[in-house]
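Colleague: The structure is given below, and queries will be raised subsequently.
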Amino acid sequence: MNNLVVFVFISTTVYICSSRPNDNTGYFWQVTDFHYDANYSIKGNPLKMCHDLSDGHYGNSIYGNYHCDSPWLLIQSATAAMKRIQPDPDFILWTGDSVPHVGNDILDLQKVLTNIGNISQHLQSVFPNIPIYPVLGNHDEYPADSYPPELNSSYYREVLQRAHFDTLLTNDTAKQFLTGGYYTTLIRPGLRVMGLNTNLLYSQDKLTNSAVDPANMLQWMTETLTNARQNKEKVILLSHVPPGLFEKYSSLMWFYDKFNTQYVRILQKFSDVITSQIYGHEHTDSYRILKDSNGSPQGVLFLAPAVTPWNSSLAGVGANNPSIRLYAYNTQDGTILNYKQYYLNLASLIQGNGNTNWTLEYDAKTDYSIPDLSPKSMLNLAQSFKADNSALFSKYLTYNSVSQIRNPPCDSACKLTQVCSIMELERENFNLCSTSESITTTRPPDPHHRRRRPVDKMYIYIIIGLGALVFILFIIVGIICIKRRRHFVPFRFSRFSNSLSSGPIN
Ligand SMILES: [Zn+2]
């Protein structure tokens, strides 16, 4: 009888375990757009980037001001929060922009490299045993937005040596980085990261506007993805500037149009290989859907908000609260399973009501009520935004600026730009989307009613598990019954029942 109890216990355990989230779940941090300003001062004029020019005493918070870039204390606070919340991630993706939004007259090459190097060393000191994969931002060059189209610019050697990227990258990846600020390396067998330098495609870079393929990055990207496919590998792509249009600024496309088209074609062609895409640059919290030529969703581009709270110089864009993002991903194929957005409520802190506790702003799956973060689910989410008075769109808008109050509120034109930017990566399709009247007149099914919430699923698993247990018991009782009849032993249900009641099932 003891064997029977063990059998039932093992069967039940195996069944219950098989219905739990898969064991391939891993975690990684994305941190982006620190924009560390060594000249930040609590005495500085917020309208002059909080630099102390001795024209008054402004009493800025030691942790930052919405009109200014990050003081060192804010950066330390952000990384301390990362360490506290998840001290042992599989790796960290650092998606660029360490240099403040100040004029070229205030900066020079040495200051730019020192800034990046300070962050490199700081991240390593906080996470000494965790792989950190960096990419450069458009501000991480001197002057900003001036990456050259030629191969093997000496700047990349400077970044490796003087900004300490050589301590983050292996010898092999550092060698690749010298070509044009891009590289690829295996995280584990079958899964690699591909760090790009999409600043080369950025429409503010006047050095690359006439180039066909700046620093050969697009060709390298195609070759790397072709090899990955042949080797049955999946790829996590990270870069600073994303393709597509800015959701907060009508018709602003980040790449030159020609590069945007080429880049999107590569993403489409290799959508089976690239399982996740991680970007920064916008300072806002958003995402993009990659579609195939028939309009079916193929991929999701995740755009994480910044650490710097800096109020954008683009009219109407505004500021954001400082933020960091923790992803859950499938360690085997690199797909994003979920993410949690953490932030520091700077307004509350400045008013003296808050503290430096970074808190959870939202959990993507739970707060958007989506079953997963697949391309299909994320497209459905964007489509649900179209509805009049969509509660999910209101949530998205709040998260878009990291819970920093938007002023003025988002009108119908703003909403069109927001939704069409998420749904369309190319200008022509964006224009079609943004001239469509469907956004304000159609009401797609409410995802709250269409999808099962995780808690509902849990009850279903419990019921199925109990059903399976009863079935197993039924079979066991049947077998025992048959055996006893064969041996002409009368079946005594009370004895069997007593044995079971002492088992571990309860
Ligand atoms: Zn930035």
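Colleague: Treating only the Cβ atoms of Lys and Arg (+1) and Asp and Glu (-1) as charged, compute the dipole magnitude of the stretch 32-447 about its Cα centre; round to the nearest 20 debye.
Modeller: 620
Colleague: With a point put 7 Å past each Cα toward its Cβ, work out how far Ser348 is from Arg157 in nm, to one decimal.
Modeller: Placing both labels 7 Å beyond Cα along the Cβ direction yields 5.1 nm.
Colleague: Given the whole protein assembly as supplied and a 1.4 Å probe, what does the accessible area of His51 come to in Å², nearest 10?
Modeller: The accessible area comes out at roughly 20 Å².
Colleague: Could you work out how much longer the chain between Leu47 and Lys206 gets when fully extended? Use 0.36 nm per residue separation minus the Cα distance between them, nm to one decimal.
Modeller: Full extension from Leu47 to Lys206 adds 54.4 nm.
Colleague: Can you work out the FRET efficiency for the pair Ile405 and Asp363, with r the C-beta to C-beta distance and R0 = 22 Å, to the nearest 0.05?
Modeller: 0.50
Colleague: If each residue of separation counts as 0.36 nm, what is the full-extension length gain between Asp372 and Ser125 once their alpha-carbon separation is subtracted?
Modeller: Additional length available on full extension: 85.5 nm.
Colleague: Rounded to the nearest 0.05, what FRET efficiency do Ser54 and Leu252 have when you use their Cβ-Cβ distance and R0 = 35 Å?
Modeller: 0.40
Colleague: Can you give the accessible area per residue of the stretch 298-374, in Å², using a 1.4 Å probe?
Modeller: Accessible surface, normalised per residue, equals 31 Å².
Colleague: Near Lys234, which lysines are there with a Cα under 18 Å away, not counting those fewer than 8 places off in the same chain?
Modeller: Cross-link targets: Lys269.
Colleague: Here's something else I'd like to know. Please list Glu141, Glu150 in order of solvent-accessible area, largest first, computed with a 1.4 Å probe with all protein chains present.
Modeller: Glu150, Glu141
Colleague: Right, something else. Can you list the lysines whose alpha carbon sits under 17 Å from that of Lys206, skipping same-chain ones fewer than 8 residues off?
Modeller: Correct list for Lys206: Lys258.
Colleague: Determine the distance separating the Cα centre of the stretch 153-179 from the Cα centre of the stretch 192-206; give it in Å without decimals.
Modeller: 16
Colleague: Of all the accessible heavy-atom surface of the stretch 32-447, with the other protein chains kept in place and a 1.4 Å probe, what percent is carbon and sulfur?
Modeller: Exposed carbon and sulfur together represent 49 percent of the surface.
Colleague: If you stretched the chain out fully between Arg229 and Thr435, how much longer would it get, using 0.36 nm times the residue separation minus the C-alpha to C-alpha distance?
Modeller: Stretched fully, the Arg229-Thr435 segment lengthens by 70.3 nm.
Colleague: Simple spin-label model, 7 Å along Cα-to-Cβ: Gln219 to Glu150 in nm?
Modeller: Roughly 1.7 nm, to one decimal.
Colleague: For Lys365, give me every one of the aspartates and glutamates with a C-alpha distance below 18 angstrom, ignoring sequence neighbours fewer than eight places off in its own chain.
Modeller: Asp285, Asp446, Asp456
Colleague: Take every DSSP beta bridge with both residues inside the stretch 32-447 and express the antiparallel ones as a percent of the total, to the nearest 5.
Modeller: 65
Colleague: Looking at the stretch 32-447 from every direction and averaging, what is the projected area of its Cα convex hull in nm²?
Modeller: The orientation-averaged projected area of the Cα hull of the stretch 32-447 comes to 19.1 nm².
Colleague: Report, in debye and to the nearest 20, how large the dipole of the stretch 156-240 comes out about its Cα centre when Lys and Arg carry +1 and Asp and Glu carry -1 on their Cβ.
Modeller: 240
Colleague: Moving to a separate point now. Could you give the distance between the Cα centres of the stretch 371-440 and the stretch 71-117, to the whole Å?
Modeller: Centre-to-centre (Cα) distance: 30 Å.
Colleague: Now for a different question. Give me the percent relative contact order of the stretch 312-415, please, defined on Cα pairs under 8 angstrom at least 6 residues apart.
Modeller: 25
The values are calculated or read from the model by the stated rules, or taken from the named source; none is laboratory data. Because the structure is a prediction, the values reported are computed rather than measured. Cβ sites come from the backbone with ideal geometry, for glycine too, and all protein chains shown count toward neighbours. SASA here: full protein model, heavy atoms, side chains in, ligands and nucleic acids out. Shrake-Rupley method; radii C 1.70, N 1.55, O 1.52, S 1.80 Å.
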